[in-house]
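Just so you know, all these numbers are worked out from the coordinates, no wet-lab data involved. Every value quoted in this text rests on a predicted model; they were computed, and no experiment measured them. Please note: Cβ atoms are built from the backbone with ideal geometry, for glycine as well, and neighbour counts cover all protein chains shown.
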Amino acid sequence: MPTTESTLNFIPEFLRDIAGRVLPQLMSEHFWIQFAAVALAVFIAAGVSAFVGKKHAYWRSKNRISEKFNRPLDFFFGICSGVAFSLAAALVLSLCVNILQKTGMLAAGGEPVFARVAYSVFYAWALIIIILQVLRVMIGPKFENGAIEKGVKIVFWVLAVLQIAGILGNVVDAMHEVAIPIGSGSLSLWSAMVGVLTVALALVVANWIAGLIERRIMVNGDIEVNLRVVISRVCRVGLLTLAVLISLSFAGVDLTILSVFGGAIGVGLGFGLQKIASNYVSGFIILLDRSVRIGDLVEVGAFQGVVTKINTRYSVVRNLSGEELVVPNEMFVTSSVKNFSGSDRAATGSVEVGIAYEANVDRALEILLDIMKSQPRVMQTPAPRVVISGFGESEIMLKGVFWVRDPEAGVGSLKSAIFREVLRRFDAENIEIPYAKSEVKLSGAVALTPAANVESQPAVKPAEVKAGQAVK
């Protein structure tokens, strides 16, 4: 096994070789002529790229098209902008080099070193633009956070610089000689790096394909929503697993090494990841047995709301106030959850109103029933019904019961509409809704003062009047 020192001996040799070739170039007049030509090429190419970008922005502002076509057009113009820069720079630089060689300012025959490096950089720039645009389409908004894009750029330009410098082969050979022990086997550093990059690329492609499949499945109204989620999840997991296995095999990694990681994952599941594994399995159980479905109105503890998401590890319940409760999937399997939309999505609601004892009870019941039937959200089957629910001190209590098909929308606004119509109809038909009254009775003889002498009598203070006593 070569030592690390012998493996990396090429680094000082490479640095000495670079210094021997670059320093004389920097001291020569030809280098600065080439530098001026490259600078002119970059300046003109930047103008061409900016022109393409402005045309793209102008075209989008003048032509209103759907988002479905905006993304492909952004992808196309993004590639055109980067490729236009590279092509324009390469063409201008080639023209400048030919002119300089014909005028004798540069040696005829052979390509100047600095110009050759510039060509390689221009072509690499076009390639990285294409790669970034493709990844931006595949990964989506997550790619815009900068971390992924920055990592791709760093890896690409490191490899590009090594290739341009002509030492990429030496670096690869050196990394092949560095072995990483894994279990009873070993893995070279180069194989590990290629495996990581290949797996990452394969996962991106698999995730993109899974996203396309998921979007097609989720808009299919012929399939029940829970089954749609299950199919999309299974497709995603299958594609990601297949991508990892194929990419590792393609990178030359012995798949038997994965047995070591499989054992580690098994130990982790046995000790610290039981809850995560339980929630993951519970998510599939919920989706398959349909005990809870997306859109169901449920009550978890004291929280009532609609199930908006059933994710891999947790579900999201949202109430009418906009508050969201994150519920571990295991709770839906092991705990009691009240589901208002289980076998039948219809739910009941009720209103109560009191009328005076002197009112026409039968007519009041008819009015309340008509009002409930006239509401658009109230179901006609089962039909609403009204009953006398009890007797109060000053009122007869009437109760109306109705059913709605969409309980997740709440019944507060529906009850308000019913009560407002009750007030209007009862007032129109002189049906009194009683309210609390207090009567004061005076016992004993009360001396009445003639009206003519009222102004001459001193006013009686409220404190002088007591319940059950006459005013003297």
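Starting from the Cα-Cα distance between Phe76 and Leu162, subtract it from 0.36 nm times their residue separation and give me the gain in nm to one decimal.
Details: separation 86, 0.36 × 86 = 30.96 nm, distance 2.97 nm.
Result: 28.0 nm gained on full extension.
With a simple spin-label model that places each label point 7 Å from the Cα along the Cα-to-Cβ direction, the separation between Lys441 and Ser120 comes to 11.3 nm. Sequence-distant contacts, meaning Cα pairs under 8 Å at least 6 residues apart, place the relative contact order of the stretch 294-390 at 18 percent.
Summing charges over neighbours of Leu287, with a neighbour being any other residue whose Cβ is under 12 Å away from its Cβ, gives +3 when K and R count +1 and D and E count -1. Distance between the modelled labels on Leu197 and Ser291, one decimal in nanometres: 4.9 nm (7 Å Cα→Cβ projection).
With 29 Å as the limit on Cα-Cα distance, the pairs of Lys55/Lys150; Lys54/Lys150; Lys153/Lys309; Lys275/Lys309; Lys309/Lys399 that go past it are Lys153/Lys309; Lys309/Lys399.
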